[in-house]
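S.K.: To start, I am sharing the structure in question, which I have written as structure tokens.
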Amino acid sequence: MSNGDHEPEQGISLADGPVENPDIPSTSPEEAKFRRVKRWLSGTLSQKNLMALTGLFLCFFLIIHLAGNLQLLLPTKVAQWQFNFYSKLLSENIFIHIISYILFASIMAHAIYALVITNNNRRANGKGYEYDRRGVSSKWYSRRMGLLGTVILFFLIIHLRDFWYEVQFGHLPVDKDGQEDLYTLVVTVYRNGWYVLIYVLCMVALGYHLLHGFFSAARTLGVCHPRYVSWIRIAGWIYSVGISAGFALVPVYVHFARP
């Protein structure tokens, strides 16, 4: 029979607390803290979180970029001088040069993480799964983010070739103030009707991409509280439609309204 607080065979007092296994080394407070930090970093620096962060950075860049492009809607002479001055100001700013490197890195990282996550999801779901009913509860553009992203990447390649490459390695004309005449380059490109059509279609793809990405990033980063879900959706709609429509407006206006 047992003897009160003592285990009968080993004679160990149960009041002394749990017995440590001598074969398992104890964890020091420093090691436990390091493991907690490592778990936090692995969560914070996960592929989905990094994709969300790079996406939000690109969203912020789009606001700044659109603000610069909207100058093209000003009267012709004012638009030419102001747009060229704005371009010169950016090209001579070392801070903007640093941001441009971060921008290119963010675009590459965002695209790579998207491919990795999509591939992992396909492996996890299995190619032979026949009862996928995601279409019942999700929007079509949420299920076509890969296609939308591919269209946007294709547009970026063309866009960088026609503008960034020409600014960096081409021979731009000079306006009457001696500034590189980027305005004339933009107007010349936007006089091509096919280019404007492709531009507008790509902005439609961008709008749907942003619409899903905005809410998805908020949910991934844990800021999508149930109380504010409707407000986040409204903000996502306003941002996505405003950005895509604003970018699409500029080439259409230049094509039809500029001499």
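S.K.: Condition first: surrounded by fewer than 16 Cβ atoms within 10 Å (Cβ to Cβ) and not acidic (D, E). Now tell me which residues in the range 173-193 satisfy that. Talk me through it step by step, then tell me what you get.
M.R.: Step one: of the range 173-193, the residues surrounded by fewer than 16 Cβ atoms within 10 Å (Cβ to Cβ) are 173-174, 176-178, 188, 191-193.
Of everything in the range 173-193, those that are surrounded by fewer than 16 Cβ atoms within 10 Å (Cβ to Cβ) and not acidic (D, E) turn out to be P173, V174, K176, G178, T188, R191, N192, G193.
S.K.: Within the set of pairs 6 or more residues apart or between chains, which connect a residue that is touching a residue at least 40 places away in the same chain (Cβ under 8 Å) and closer than 28 Å to M203 by Cα inside the range 155-179 to a residue that is open to solvent by 90 Å² or more (accessible area, probe 1.4 Å) and not hydroxyl-bearing (S, T, Y) with Cβ atoms less than 8 Å apart?
M.R.: Pairs found: V167/E180.
S.K.: Collect the residues in the range 220-238 that are open to solvent by 20 Å² or more (accessible area, probe 1.4 Å) and within 14 Å of the chain's Cα centre (by Cα), keeping them in residue-number order.
M.R.: Within the range 220-238, the first condition is being open to solvent by 20 Å² or more (accessible area, probe 1.4 Å), and the residues that meet it are 220-235, 237-238.
If the condition is that a residue be open to solvent by 20 Å² or more (accessible area, probe 1.4 Å) and within 14 Å of the chain's Cα centre (by Cα), then T220, L221 are the ones that fit.
S.K.: Let me ask you something else. What's the number of the only condition in (1) within 18 Å of L148 (Cβ to Cβ); (2) among the aliphatic types (A, V, I, L, M); (3) within 14 Å of the chain's Cα centre (by Cα); (4) open to solvent by 40 Å² or more (accessible area, probe 1.4 Å) that V241 fails to meet?
M.R.: (3)
S.K.: May I ask you to list the residues in the range 159-181 that are modelled with pLDDT of 90 or more and assigned to a loop (DSSP other than H, G, I, E, B)?
M.R.: Passing the criteria: only D181.
S.K.: Now, a different point. I'd like to know if the range 73-88 contains one or more residues that are farther than 30 Å from D175 by Cα, open to solvent by 90 Å² or more (accessible area, probe 1.4 Å) and modelled with pLDDT of 80 or more.
M.R.: Filtering the range 73-88 down to residues farther than 30 Å from D175 by Cα leaves none.
The answer is no; no qualifying residue exists.
S.K.: State which residue pairs qualify: first residue under 18 Å from L153 (Cα atoms) and inside the range 201-221, second residue among the small types (G, A, S) and open to solvent by 20 Å² or more (accessible area, probe 1.4 Å) in any location, beta carbons under 6 Å apart, and separation of 6 or more residues or different chains.
M.R.: Close Cβ pairs satisfying both conditions: H212/S142.
S.K.: Restricting to the range 108-133, give me the number of residues that are at pLDDT below 70, part of a helix (DSSP H, G or I) and open to solvent by less than 90 Å² (accessible area, probe 1.4 Å). Steps first, please.
M.R.: Taking the range 108-133 as the starting set, the residues that turn out to be at pLDDT below 70 are 124-133.
Those left that are additionally part of a helix (DSSP H, G or I): 124-125.
From the residues that got through so far, the ones that are open to solvent by less than 90 Å² (accessible area, probe 1.4 Å) too are 124.
Counting residues in the range 108-133 that are at pLDDT below 70, part of a helix (DSSP H, G or I) and open to solvent by less than 90 Å² (accessible area, probe 1.4 Å) gives 1.
S.K.: Somewhere in the range 194-216, is a residue part of a loop (DSSP other than H, G, I, E, B) and open to solvent by 30 Å² or more (accessible area, probe 1.4 Å)? Before the answer, list the steps.
M.R.: In the first step, residues of the range 194-216 are kept if they are part of a loop (DSSP other than H, G, I, E, B); the result is none.
Checking the range 194-216: not a single residue is part of a loop (DSSP other than H, G, I, E, B) and open to solvent by 30 Å² or more (accessible area, probe 1.4 Å).
S.K.: Identify, please: which residue in the range 73-96 is part of a helix (DSSP H, G or I) and under 13 Å from V254 (Cα atoms) and is, among those, farthest from the chain's Cα centre (by Cα)? Let's see the steps before the verdict.
M.R.: Taking the range 73-96 and keeping what is part of a helix (DSSP H, G or I), we get 73, 76-91, 94-96.
After this cut, where a residue has to be under 13 Å from V254 (Cα atoms) as well, the list is 73, 76, 79-80.
Details: L73: 27, T76: 34, A79: 30, Q80: 31 Å.
If we take residues in the range 73-96 being part of a helix (DSSP H, G or I) and under 13 Å from V254 (Cα atoms), then T76 is farthest from the chain's Cα centre (by Cα).
The values are calculated or read from the model by the stated rules, or taken from the named source; none is laboratory data. Bear in mind the structure is a predicted one, so any value in this text is a computation, not a measurement. Because the Cβ atoms are built from the backbone with ideal geometry, glycine has one as well, and the counts that use them run over all protein chains shown. Heavy atoms of the whole protein, side chains included, go into the accessibility calculation; ligands, DNA and RNA do not. Shrake-Rupley method; radii C 1.70, N 1.55, O 1.52, S 1.80 Å.
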